[in-house]
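See below for the structure under consideration.
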Amino acid sequence: MSPAEVPLRRVCPRCGGPHGKPRLAVPQGSPFADVDFSVTHSGDVVGVAVARGANVGLDVEESGSGAALDVDTVAPVALTDAEIAALNARPPAERVSAFLRMWTRKEAVLKALGVGLTVPLRRLEVTVPPLPPKVLSWPDGRNAPRALAMADVEVVTGARHLRATATVAATGTTALRLHHHDGTATLTAHTTSTPPP
Ligand SMILES: CC(C)(COP(=O)(O)OP(=O)(O)OC[C@H]1O[C@@H](n2cnc3c(N)ncnc32)[C@H](O)[C@@H]1OP(=O)(O)O)[C@@H](O)C(=O)NCCC(=O)NCCS
């Protein structure tokens, strides 16, 4: 099947408009009915997570762009007071990478739930690296899924060896078995005019 033929639907959980999480539009009983996916892009890096039997969220942030990130400015927008305190306890040289990791953990969870940034990042508390990924508190106790599995991924990809920080979250399961594929060869095979990064 050509990618353009894959049937998709988007329904916003807030307003019902056609801009929520993209999902496969297949009938119940289809062999693909339990397939979920999540798409993310940052700079020249694109990520796609695919899962069966769980809702999946993937967020990637190109780490190269992190060098210019002003953590003191963005942290109060995205982190809780406890997260900021824990971040500031880290050596200054590690703060950008720790911030990006917390950001991808939060976005991955909110994308798995399909709510995206309609839930402010400051109201979801996650662990600070080097602790393994985990949600510590949910906004108002709402949105908490019965089960959640998370995994951090460090990505180096493409001919230019782009570096990226990524987190995968899956709701409805506590076990995540991750198979990581570099799509550079696939993109190269399907791209005639613009070579992938
Ligand atoms: C989803 C969201 C967190 C992604 O932010 P981002 O870091 O800039 O972008 P990413 O590259 O990681 O992800 C983008 C992809 O997420 C997916 N996505 C969009 N909305 C989503 C949602 N509610 N839940 C999960 N995934 C979503 C799409 O595949 C999108 O790809 P596209 O831009 O090619 O369509 C952000 O766009 C968001 O919160 N959107 C929802 C806003 C909303 O619903 N507002 C209410 C309007 S009534």
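Sequence gap at least 6, Cα distance under 8 Å: using those rules, report the relative contact order of the stretch 1-79 to the nearest whole percent. Value for the stretch 1-79: 17 percent. Annotation: peptides 111-123, 82-94, ranked by per-residue average of other Cβ atoms within 10 Å with the highest first, follow the order 111-123, 82-94. Computed from point charges on the beta carbon alone (+1 for Lys and Arg, -1 for Asp and Glu), the dipole magnitude for the chain about its Cα centre is near 540 Debye. Remark: the T73-V48 segment gains 6.1 nm on full extension, using 0.36 nm per residue and subtracting the alpha carbon distance.
Solvent-free Debye calculation, one equal scatterer per alpha-carbon of the chain: log10 I(q)/I(0) at 0.17 Å⁻¹ equals -1.23. Full-extension gain between D182 and A93, please, as 0.36 nm times their residue separation minus the C-alpha to C-alpha distance. Contour length minus Cα-Cα distance gives 29.2 nm.
Only helices reaching 20 angstrom along their own axis (Cα) with mean Kyte-Doolittle hydropathy no lower than 0.0 count here, and for the DSSP H runs of the chain these are 95-113. Normalised by the number of residues in the chain, the mean separation of alpha-carbon contacts (under 8 Å, six or more apart) gives a relative contact order of 19 percent.
Stretching H19 away from N143 to a fully extended chain increases their span by 42.7 nm, per 0.36 nm per residue minus the current alpha-carbon distance.
All of the numbers you see were taken from the coordinates with simple rules; none came from a lab. Note that the structure is predicted; figures quoted are calculated from it, not measured. Counting neighbours? That spans all protein chains shown, and the Cβs are built from the backbone with ideal geometry, glycine included.
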